[in-house]
Amino acid sequence: MEKNIRSIMEYLCRTKSFDRITFSRRREKTEPDTLRETAVLFRKQNISYVQIETRYADGKAFHRNLPAGDAAEILAGMAEHEYRQTDIHTPVGDCEIRFSKKNECHIINRIREEDGAPVLHGHDRPHRYLLDPETDAAASFLFPLGITDEHGRILDKKRPKYRQINRFLELVNDVVEELPREGTLRVLDLCCGKSYLSFAVYYYFTKMRGRTVSMTGIDRKPDVIAACNDIASSLGFSEGLSFLCMDLKEYTCTERPDLVLSLHACDTATDLVLSRGVAWGAPVILSTPCCHHELFHRMNAPSLSFMTEYSLLKQKLSDAATDALRCLWLKRNDYEVQVVELIDPEETPKNLMIRAVKRKTPYPPETHESFDREYRDACELLGCVPFLEKETV
Ligand SMILES: C[S@@+](CC[C@H](N)C(=O)[O-])C[C@H]1O[C@@H](n2cnc3c(N)ncnc32)[C@H](O)[C@@H]1O
């Protein structure tokens, strides 16, 4: 493919063959400050569109949709004139466009054209998972983890876990730009259990992205941790991937992690994950909460009795309130927070991912005051202080 911004954008829009284009390091300041813009493809009534999300420093986001046929010109203009950094992710490789301080353009293009055949997007192509068990390398760790058989076929009962891990990887893929671009990446998988996620993330960064990774999984189950260390060693991963058996409360982190992950840490263990991640100054925390019990039992909210009198509704309310308070608490600690869906909600009710990215500059004081007010009001309404509040390290 030609090394020319316009032809790259024209190719991507013509073949509808990209996952995501992220524009960052804006040349001219805006008010409020623009953090980045992200373009993704979607289809509606058989027509392909490009949606561009503009994310601002005050936490707000703005969306605009363009027919894919008209988007190339606009995307090329953004990459050439508005931003110094453009990262393109496609199913057949990535491309980085970077302008130096002297305005020299550097393009590292690793997108492979597939014999001119467009890679279809939207609802008309099967979902392509990041981990493909048909390639030997991926299968090599999926088999000992019990996700595939020895031929690389996903076991039926492990399909939900396989989908969860792949979706989690896609969400990791989405925050790659927030991580250091060079050097060893420090990653923690907290409450890792059988560590499907740790192996997948380690594989993703080291084998698919060529990064050096120092990754630790932590869980308090000795047999599971011993098995994970054995698998890591048998796969030749143990130089960068190891597992510790201990209670998360006892773990001392000596070096700031770049990425803190957690998939389904039970109940208040998710609060431990978030509080530790924040205390260690992790720039990115991705956490999928599990069961919620704590607030359900401690909530004392007479004004909400029209809901709390029904146990099922009280559970839904306390689930949502627990996660919303976690988000607010993260925002009070200068994170930008999103709540995204992990997989199809019909597959599991434990389906939310809290995505928290530490801001380069703290929120302004008035924004902090408003978060504090919202937080206090919410606690007062619920009649309790959440566990997270007490869990500061
Ligand atoms: C539902 S499992 C999830 C395991 C794994 N992340 C996964 O998705 O397959 C929750 C795990 O959290 C671990 N855990 C809960 N509280 C913990 C704590 N305080 N310290 C360490 N591990 C903890 C449990 O031992 C268990 O393995």
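The values are calculated or read from the model by the stated rules, or taken from the named source; none is laboratory data. Bear in mind the structure is a predicted one, so any value in this text is a computation, not a measurement. Because the Cβ atoms are built from the backbone with ideal geometry, glycine has one as well, and the counts that use them run over all protein chains shown. Surface areas here come from the heavy atoms of the whole protein model, side chains and all, with no ligands, DNA or RNA. Shrake-Rupley method; radii C 1.70, N 1.55, O 1.52, S 1.80 Å.
Brief remarks follow.
- Of the residues making up segment 287-295, one or more are more than 16 Å from the ligand (Cβ to nearest atom), in contact with a Cys (Cβ under 8 Å, 6 or more places away or on another chain) and assigned by TED's automatic domain parsing to the domain that holds T322.
- Taken as a whole, segment 183-190 holds at least one residue that is within 12 Å of the ligand (Cβ to nearest atom) and over 14 Å from F237 (Cβ atoms).
- Taking the conditions (1) modelled with pLDDT of 95 or more; (2) within 16 Å of the ligand (Cβ to nearest atom); (3) surrounded by fewer than 21 Cβ atoms within 10 Å (Cβ to Cβ) in turn, L169 satisfies each one other than (1).
- Residue identified as at pLDDT 95 or above and farther than 29 Å from L304 by Cβ among K358, K331: K358
- The number of residues in segment 75-90 being outside any strand (DSSP E or B), open to solvent by 10 Å² or more (accessible area, probe 1.4 Å) and in contact (Cβ under 8 Å) with a residue 24 or more places away in the chain comes to 3.
- If the condition is being of a type outside the set (A, V, I, L, M, F, W, C) and surrounded by 22 or more Cβ atoms within 10 Å (Cβ to Cβ), then segment 236-267 contributes P257, S262.
- Failed criterion for G210 (all others in (1) surrounded by fewer than 22 Cβ atoms within 10 Å (Cβ to Cβ); (2) within 12 Å of the ligand (Cβ to nearest atom) hold): (2)
- Screening G183, G152, G193 for residues that are surrounded by fewer than 18 Cβ atoms within 10 Å (Cβ to Cβ) and either at pLDDT 90 or above or aromatic (F, W, Y) (or both) leaves exactly one candidate, G183.
- Residues that are of a type in the set (A, V, I, L, M, F, W, C) and under 23 Å from K358 (Cβ atoms), drawn from segment 17-60: F23, L35, A57
- Boolean, D271 is acidic (D, E) and not in a loop (DSSP other than H, G, I, E, B): yes
- Of the candidates G277, G281, the single residue that is closer than 30 Å to M215 by Cα and in a loop (DSSP other than H, G, I, E, B) is G281.
- Only one of the numbered conditions (1) away from the ligand (no atom under 15 Å from the Cβ); (2) farther than 30 Å from E178 by Cα; (3) surrounded by fewer than 17 Cβ atoms within 10 Å (Cβ to Cβ) is not met by K221, and that is (1).
- Scanning segment 228-275 for residues that are touching a residue at least 40 places away in the same chain (Cβ under 8 Å), in contact with a Gly (Cβ under 7 Å, 6 or more places away or on another chain) and within 16 Å of the ligand (Cβ to nearest atom) yields F243, V260.
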